[in-house]
Amino acid sequence: MLKFDQARAEDLDRIVEIERAGFNEAEAGSPAQYKERIQKFIGSFLVARNLEEEIVGFITGPVVDSKYDYIEDWMYEKETESLAGPGSNQMVLTIAVHPDYRGQGIGSQLLDRFAETAKEMKRGRIALTCLEDRVPFYEKNGYVNHGQAESEHAGEIWYNMIKEIEG
């Protein structure tokens, strides 16, 4: 049984630990970036906690103006304040599950909870980028592959994945 709630300042070390276990140094966000995301991404920085209250995974990203359909590289570098208006788009900068808890459906549960929140907040869509080997996971979770992204983040080839939010 998992509990989902907003990330808090005291969660920073565990979040960074999980981030570093799932992404290489060029891909991973820094502790300073995550500290700022916890502060700014209110309502869109969720953690999954197990029965012992240990964080086992998280998902986060800003809410941006509807003119942005896809993740853009600047979103990783410059933390933006999340917008509150209906019709804006929810971005996912990171979703990560601790290695000891992978394969248990936690990533899918985080995506579901994020989509529920986006729907409640009347977001237009959820957008993320992923590496090619992760496309099937996101497709299984209702995302549509919109092809190769323009992103050059970490020197990788990324794919735009979109999930439309039905109001």
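Points to keep in mind about this one:
- Of the DSSP H helices in the chain, those whose Cα atoms cover at least 18 Å axially and whose Kyte score averages -1.0 or more: 106-120
- Candidates Ala115, Pro136, Tyr68 compared by Cα position along the dipole of the chain: farthest toward the positive end lies Ala115, with charges placed on Cβ.
- Taking max minus min of the alpha-carbon positions on each principal axis, the range 1-70 gives extents of 41, 26, 19 Å, largest first.
- Considering only Cα atoms, the convex hull volume of the range 114-167 works out to 81 Å³ per residue.
- Residues of type aspartates and glutamates that Lys140 reaches as a straight line, Cα spacing below 12 Å, ignoring anything fewer than 8 places off in the same chain: Asp112
- Split the accessible area of the range 1-123 by element, probe 1.4 Å, and carbon with sulfur accounts for 50%.
- In this structure the chain gives 51 Å² per residue of accessible area when probed at 1.4 Å with all protein chains present.
- Of Gly103, Gly57, Gly43, the one that fluctuates the most in a GNM where the chain has Cα springs shorter than 10 Å: Gly103
- Relative to the Cα centre, the charge distribution of the chain, modelled as +1 at Lys and Arg Cβ and -1 at Asp and Glu Cβ, gives a dipole magnitude of about 540 debye.
- Cubic angstrom per residue, convex hull over Cα atoms of the chain: 106 Å³
- Between the range 137-157 and the range 46-71, the alpha-carbon centres lie 17 Å apart.
- Amide H to amide H distances under 5 Å link Arg125 with Gln90, Ile165, where only residues 5 or more positions off or on other chains count and H is placed in the peptide plane.
- Bridging of Lys35 to lysines at a Cα separation below 30 Å is possible for Lys3, Lys67, Lys78, Lys119, Lys122, Lys163, once same-chain residues fewer than 8 apart are set aside.
The values are calculated or read from the model by the stated rules, or taken from the named source; none is laboratory data. Nothing here was measured: the structure is a model prediction, and the numbers come from that model. With ideal geometry, Cβ positions are generated from the backbone for all residues, glycine too; neighbour counts draw on all protein chains shown. Only protein heavy atoms, including side chains, enter the accessible area calculation; ligands, DNA and RNA are left aside. Shrake-Rupley method; radii C 1.70, N 1.55, O 1.52, S 1.80 Å.
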